Structures are given as structure tokens and as C-alpha cells.
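Only one structure is covered here, and it is reproduced in the block below.
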Amino acid sequence: MNKNSSNTMALAPNTSNKRETVCIFGTGDFGQALGHKMIQSGYRVVYGSRSTQISNLIPKDAEVLGHAEAAQKAAIIIIAIQRQHYNFLTPLAEVLRGKVLVDISNNLKLNQYPESNAEHLAQLLPGCKVVKGFNTVSAWALQSGTLDASRQVFVCGDDVEAKQMVMNIVRALGLTPLDKGSLLAAQEIENYPLQLFPMWKFPIFLSLGLTAFFFLYCVVLDIVYTYIYEKKDFSFFIAITIPNRVCPVMALILLALVYLPGIFAAIIQLYRGTKYSRFPDWLDKWMLCRKQLGLIALAFASLHAVFTLVTPLRAFASWRTGKGIISQVLNNKTEPLDHTNAWLSDSYLALGILGFFFFVLLGITSLPSVSNNVNWREFRFVQSKLGYLALILCTAHTLVYGGKWFLSPSAYKWYLPNIYILSLIVPCAVLVVKFVLIFPCIDKRLTQIRQGWERNPKYSK
């Protein structure tokens, strides 16, 4: 009987476990959304406002008081106002002394002020414990509950205990706090929401530049050249044919560029004989954006697959097929099956399908929800070993498809090589150098360097 009673008590909700009171200065969108979320999480919320009248926008279980009276009821005060309005806090210095002030403000542009908003607040109220936090979470995300895209909350502050109190609130709201250190990190935290895809800029600009180059290159060779010398109008190639040539070329080159910085890093380490020297800044930045390059390459590969599937539906394809059939009928001659071309056609299709499969596998394992469920060795196996296998298959796919143009003089219009020839330069270079690096004599030395061996150690033991 007693055992059953204890189990029943354990399963019953603890309705008396009410959390502490938190004060929020500011009744704007974010202040309202944050207060509503905190009330749902069991906190008692009191708003400090110039107007103490209850608004329909304020959570119904919250209390609205004047700033001084509201501050006296809580040890933690969330400052949900903009920096230009901080001056009203100066007369409240005595009331706020010793309390934890959470600055959640953001600016309109990067490095808008010499010091961060949180540091400015700490200078105005030296008797308070200022903590930076919640500025990376949007009011819309708090209201709608869709926090998957902004679940991480950066927190920094000089007082360890105050910072821990704020991090406890973050956890209670179902968010993930990340301690960024002292208040000196506030500038970086405030700049974070203002950055538009910081790790995507180089991959996107590079992709746009290469895409524009290869697109114009194909227009010149396939449309302009044909129109000048053959008097044929193939301008409709712009819609399907040329994109279906540019997309696989971009996918292959970008995939090769994912693994090229690793080749450079290995060569530099072998040359220096140590891993304890920093890589050049350009190589560091390149290595940090490899994931983004790979995802953009996967997008181009996916577009290539879609364009290829719709190719038989085109009027040009139907016309060319019909023309071939009519030609055989008029000549009363059936063209025999060319087994060599049949093998080449099936081979390059099979290689393309396999390459695209491993391409997709690389993209899936790069997702946080997947990568978090595999250990480092498994992740490295997929991204490195299977990644190089995908590069080999895609390169072979291009070689089999475009190999017939390499030695054909007609393929060099205006002495310019075919686009598929250009696409093979980077991936072939990567694969050749990688093949050299895996020679046992070189791979052994590279492994020793990465394990801490140095050719000329600075300090002898």
C-alpha cells in the first residue's frame, strides 16, 4: 500500500514548484514574448514600464508596475529596451545596485558603437552585474515555439554567479545556453545576429562567379559560334541545354574544391615538418567553409539530375529523334546498334547515379541532426573516404561522357576547349596529388606530423 502511494506521488506533477520572480524592463514585442514564455515555464514575471496600465498585449498572469517598484521585486532584471533609452536607468542606480541586469539589445549595423551595449550598460550602472544574453533569439520564435533555428543562446558576463543564474533561465525556457566568457565577448555576440550567412559569403560569391563564367562560355561556343559559322539559331539552349551543362560542371568543381584545401594543408605540413604552425589565413577560411561548398555542389548536382530527367520531354529532343527515324525510313536502312556507344552510355549513367548517391550521402551526414549521432571516426569515414569515392565516380562520369571531345579538333571552337575539359582540371589535380599523398612513405610521415612529431623541434626534451 505504501509502495503504491509513493509511486503515485512520484508521478503527480509538482504544482507548487514555482520559480523566482523575474523583472522585465520594456513591454515591446520581445519583452512580451519573453515574458509569456517565462510564465509558461513557471516564472513569476513583473514588468517595469512608464505606463502601469494593463494592456491586452501583456501576458495576463504578469504584473505591471513602475520601474523602481518592479525592480525591487526581482533579483534578475531583463533590459528589453534599445541602447539609446538606457539613460532612464541612471536615476535607478541605487534600486538596481547588486542586481543582475540582462542586456538583450541588438544594433542596426556591425560595430555601431566603440563598445558593446552590455559594456555601456555596465559603465552606466557600475554597481550592477551585467550579463549579455537572449539577443540571438527572435520574438517570433518565442511566440510561435519554432525554436529549432535559434535554440542556442550566447551568454557572457564578468560575474560567474550572475551568468549561471541567466543560463538557468535559458535552460528552463527550453533553450541551450553557450558560455562565451567575460563581458568582452558582448561585441561579438551583438554582431552575430547582424551577419548574413557569414560562412556562406565566399562559397556563394565563388559559385555565382563560376556559374556566370561557364554560362557565358557555353553561350559563346554553343549559340554565338553556331550562329556565325553554321547560320543556325540555337538560342533556346539557354533554357535547358546550357544549364544542364553548367550544373554538372559546377557540382564537380565545387566538390573538388571541398577537398583541395586538405591537399594544400598536407603539403604545407610536410614542407614545414610540423603541425604547430598556423596555416595562411586564406587556407583557414577556405577550410572553414568546406561544408557550405559541398552543400552548394549538391544543389548543382540535384539540378543536373532534374534537368536530365526532363530532357526527353523537350521539343528539340523529340524533333531530333523523329528526324533520325524518318531518315532511316527514307533511306530504307536501319542503323545497327553501336555496342561501344551503348557501353559508354550505360557506363556514364551508372557512374553518375552512383556518384550522385554518395553525393547525397555526404549532404545527409553533414546535417547536425545526423552528425550528432555518429562518432568522429564514422563522420570522418563518410566525409573523407566516401567523399573521395564520390569525387572519383563523378570525375569518371565526366570523363566517360566527355572523353570523345578531348582529341576531336571539332570540339575546339575558336581554339577554346569544351566545358567538360575545363571541369576536369581541378578534380583530376586533386585526385592525382591525393594518390601521391597516400603512398606509404609519405602517408606515414604525414601521420607522424599530425600526431605531434616535428622535424626541427624548438625545445629539446
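The values are calculated or read from the model by the stated rules, or taken from the named source; none is laboratory data. Note that this is a predicted model, so its numbers are computed, not measured. FYI the Cβ positions are ideal-geometry reconstructions off the backbone, even for glycines, and counts take in every protein chain you see. Each accessible area value is taken on the protein alone, full model and side chains, heavy atoms only, with ligands, DNA and RNA left out. Shrake-Rupley method; radii C 1.70, N 1.55, O 1.52, S 1.80 Å.
All of 308, 334 fail the test of being more than 32 Å from the chain's Cα centre (by Cα) and hydroxyl-bearing (Ser, Thr, Tyr), apart from 334. Between residues in the stretch 269-288 that are free of Cβ contacts under 8 Å to residues at least 40 places away in the same chain and residues that are open to solvent by less than 50 Å² (accessible area, probe 1.4 Å), which pairs lie under 6 Å by C-beta distance while being six or more apart or on different chains? Short answer, once both residue conditions are applied: 283/261; 287/261.
Of the helices (runs of 4 or more DSSP H) lying entirely inside the stretch 411-461, those containing at least 1 residues that are open to solvent by 100 Å² or more (accessible area, probe 1.4 Å) and either of a type in the set (S, T, N, Q) or within 21 Å of residue 297 (Cβ to Cβ) (or both) are 425-437.
Could you pull out the residue among 330, 252 that is modelled with pLDDT of 90 or more and over 28 Å from residue 453 (Cα atoms)? Walk me through it before giving the result.
Working: 330 fails: modelled with pLDDT of 90 or more.
Every option except 252 fails the conditions.
Each residue in the stretch 109-139 was checked for being more than 13 Å from residue 78 (Cβ to Cβ), hydrophobic (A, V, I, L, M, F, W, C) and free of Cβ contacts under 8 Å to residues at least 60 places away in the same chain, and 2 pass. Taking the conditions exactly as written (modelled with pLDDT of 95 or more and either assigned by the TED database to the domain that holds residue 450 or surrounded by fewer than 16 Cβ atoms within 10 Å (Cβ to Cβ) (or both)), does residue 214 satisfy them or not? It is true that residue 214 is modelled with pLDDT of 95 or more and either assigned by the TED database to the domain that holds residue 450 or surrounded by fewer than 16 Cβ atoms within 10 Å (Cβ to Cβ) (or both).
Do we find that residue 315 is open to solvent by 40 Å² or more (accessible area, probe 1.4 Å) and not β-branched (Val, Ile, Thr) in this structure?
Values: open to solvent by 40 Å² or more (accessible area, probe 1.4 Å): yes; not β-branched (Val, Ile, Thr): yes.
It is true that residue 315 is open to solvent by 40 Å² or more (accessible area, probe 1.4 Å) and not β-branched (Val, Ile, Thr).
Where in the stretch 28-101 are there helices (runs of 4 or more DSSP H), lying wholly inside it, with at least 2 residues that are open to solvent by 80 Å² or more (accessible area, probe 1.4 Å)? Reasoning before the result, please.
Working: elements: 29-40, 67-71, 93-96.
Result: 29-40.
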